[in-house]
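Step one of this worksheet: look at the structure below.
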Amino acid sequence: MSRIGKLPVAIPAGVKIELSEDNTLKVTGPKGTLTRKLSESMNIAQEDGQLVITRPNDLKRNKALHGLTRTLINNMVVGVTQGYEKRLEINGTGYRAAKQGNKLTLTLGYSHPVVMEDPAGVESVCDGQNKIIITGIDKEKVGQYAANIRFKRPPEPFKGKGIKYETERIRRKAGKSGKK
């Protein structure tokens with residue numbers, strides 16, 4: 001049995017779950033609504049204020065989908081109740097971020113500013129000139145947008161310049177050594 005898949009997903013008060021015949025799950029909560037089509041081979045049942053996910057047999061594919069399905073459902077429930085947040089830090093002389101409407105303008109040492117538009121359901125906020133906070137209810141979209149921003153100038157190991165996650169540690173390297 002999957003250690004993650006066998007755990008039931010608790011449904012908090014204020015969250016409404018609709019499951020259709022083709023395993024399309026619609027989760028509505030105080031922060032919004034999320035819809036996702038899940039694998040039809042998984043059996044999802046609502047019992048006593050929680051969702052229970054079971055697999056039909058022990059095929060390798062179904063074993064893999066069991067924990068994944070449970071985690072996707074749990075992420076949807078957490079998203080509509082609490083939401084998700086990623087924090088990015090910009091390090092480097094002259095590197096900064098500015099927000100205008102739903103456009104994020106990044107000055108990252110290139111000959112031009114990098115302009116990124118917030119995707120639907122995701123919002124970015126600049127906390128000063130060197131911190132970006134990305135929030136939303138869909139964990140996948142929040143994480144992907146944060147990764148796209150970081151990709152514009154990943155941190156380099158010599159001076160640590162670039163965009164990094166707030167909790168990320170940059171492994172620093174020593175520079176060139178002097179002549180012998």
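Looking at Ser41, Ser111, can you tell me which residue is surrounded by 15 or more Cβ atoms within 10 Å (Cβ to Cβ) and part of a loop (DSSP other than H, G, I, E, B)?
Going through Ser41, Ser111 in turn, just one is surrounded by 15 or more Cβ atoms within 10 Å (Cβ to Cβ) and part of a loop (DSSP other than H, G, I, E, B): Ser41.
Go through Glu47, Glu18 for me and flag whichever is surrounded by fewer than 16 Cβ atoms within 10 Å (Cβ to Cβ) and more than 30 Å from Thr135 (Cβ to Cβ).
Glu47
Please find, within the range 18-31, the residue that is farthest from Val52 (Cα to Cα) out of those that are touching a residue at least 40 places away in the same chain (Cβ under 8 Å) and either hydroxyl-bearing (Ser, Thr, Tyr) or out of contact with any helix residue (DSSP H, G or I) (no Cβ under 6 Å at 6 or more places or on another chain) (or both).
Going through the qualifying residues, I end up with Pro30.
Of Ile11, Ile90, Ile17, Ile44, which residue is within 19 Å of Gly143 (Cβ to Cβ) and β-branched (Val, Ile, Thr)?
The match here is Ile90.
Yes/no matrix, rows are residues, columns are (1) closer than 30 Å to Asn74 by Cα; (2) in contact (Cβ under 8 Å) with a residue 24 or more places away in the chain:
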position: Val142; (1), (2): yes, yes
position: Tyr145; (1), (2): yes, yes
position: Phe151; (1), (2): yes, no
position: Glu156; (1), (2): no, no
position: Lys159; (1), (2): no, yes
position: Tyr165; (1), (2): yes, yes
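Looking only at the range 72-81, count how many residues are over 13 Å from the mean Cα position of the chain (by Cα) and either farther than 30 Å from Gln129 by Cα or without any contact (Cβ under 8 Å) to a residue 60 or more places away in the chain (or both).
Of the residues in the range 72-81, 3 are over 13 Å from the mean Cα position of the chain (by Cα) and either farther than 30 Å from Gln129 by Cα or without any contact (Cβ under 8 Å) to a residue 60 or more places away in the chain (or both).
Tally up the residues in the range 158-180 that are of a type outside the set (Ser, Thr, Tyr), farther than 22 Å from Val122 by Cβ and loosely packed, with under 13 Cβ neighbours inside 10 Å, please.
11
Within the range 43-65, does at least one residue satisfy the condition of being under 30 Å from Glu166 (Cβ atoms) and touching a Gly at 6+ places or on another chain (Cβ under 9 Å)?
Within the range 43-65, not a single residue is under 30 Å from Glu166 (Cβ atoms) and touching a Gly at 6+ places or on another chain (Cβ under 9 Å).
Anything in the range 1-26 that is in contact with an Asp or Glu (Cβ under 8 Å, 6 or more places away or on another chain) and either within 19 Å of Tyr84 (Cα to Cα) or of a type in the set (A, V, I, L, M, F, W, C) (or both)? List them, or say none.
Leu25, Lys26
Would you mind finding the one in Lys63, Lys141, Lys99, Lys86 that is assigned to a helix (DSSP H, G or I), open to solvent by 50 Å² or more (accessible area, probe 1.4 Å) and touching a strand residue (DSSP E or B) at 6+ places or on another chain (Cβ under 7 Å)?
Unique residue meeting the criteria: Lys141.
With the structure loaded, tell me whether Val125 is within 29 Å of Thr28 (Cα to Cα), in a strand (DSSP E or B), hydrophobic (A, V, I, L, M, F, W, C) and open to solvent by less than 100 Å² (accessible area, probe 1.4 Å) or whether it fails that test.
Judged against the criteria, Val125 is a match.
Give the residue that is least open to solvent (accessible area, probe 1.4 Å), with candidates limited to residues of the range 128-138 that are of a type outside the set (A, V, I, L, M) and farther than 13 Å from Ala97 by Cα.
Gly136
Go through the range 25-38 and give me each residue that's under 22 Å from Thr135 (Cα atoms) and assigned to a strand (DSSP E or B).
Correct list: Lys26, Val27, Thr28, Gly29, Gly32, Thr33, Leu34, Thr35, Arg36.
The values are calculated or read from the model by the stated rules, or taken from the named source; none is laboratory data. Remember, it's a predicted structure, so these values are computed and weren't measured experimentally. Because the Cβ atoms are built from the backbone with ideal geometry, glycine has one as well, and the counts that use them run over all protein chains shown. Side chains are part of the model used for accessible areas, which takes the heavy atoms of the whole protein and leaves out ligands, DNA and RNA. Shrake-Rupley method; radii C 1.70, N 1.55, O 1.52, S 1.80 Å.
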